[in-house]
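The values are calculated or read from the model by the stated rules, or taken from the named source; none is laboratory data. No experiment lies behind these values; they were computed from the predicted model shown. Reconstructed Cβ throughout: ideal geometry from the backbone, glycine too, with neighbour counts over all protein chains shown.
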Amino acid sequence: MSKIIDGEGKILGRTATQVAKLLLSGENVTIINAEKMLISGHAEEITERYKHKLNLRDKANPEHSPHISRRPDFFVKRVIRGMLPRKQARGRDALKRLTVYMGSPAALKGSEEHKIDVKDPISIYERVITIGELSSRLGYKE
């Protein structure tokens, strides 16, 4: 049984912790609309932080830097990977049970979604940036 989670309008960090718990408990999880997930904070500060992580300003040797993808679905998967014990067998197995999509694929149209109890971010946070917008600011082109 696979749980389908619609990421539209959900805070990335809060959703990722709950997804990591589901994965570690043995569930298969599919996240749709990954580019519509939100990160709270000032958009410029968040962009600068990830540019620094990507080392886009003054990259001396790109082959020896950590790879953080600019593509929204890989970006979300990387965040969830950071919450799993991926160097242990149970963490690697849990990561294999995760699937992340941009948009909602036609194959999943009739499936029912699993509701995650996350507070409405629009009413709590006034400053948010979507993963899609962050990815485009980091240089992702569809």
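A few remarks follow.
- Cβ-Cβ distances below 7 Å connect the following pairs, each with a first residue in segment 15-27 that is on the phi < 0 side of the Ramachandran plot and buried (at least 16 other Cβ atoms within 10 Å of the Cβ), a second residue that is of a type in the set (D, E, K, R) and in a helix (DSSP H, G or I), and a separation of six or more residues or different chains: 24/90.
- Criterion violated by residue 9 - all others in (1) modelled with pLDDT under 90; (2) more than 16 Å from the chain's Cα centre (by Cα); (3) assigned to a loop (DSSP other than H, G, I, E, B) satisfied: (2)
- When segment 55-92 is filtered for residues that are modelled with pLDDT of 75 or more and among the aliphatic types (A, V, I, L, M), the ones remaining, listed by number, are 68, 76, 79, 80, 83, 84, 89.
- Residue within segment 19-28 that is of a type in the set (A, V, I, L, M), assigned to a loop (DSSP other than H, G, I, E, B) and modelled with pLDDT of 95 or more present: no
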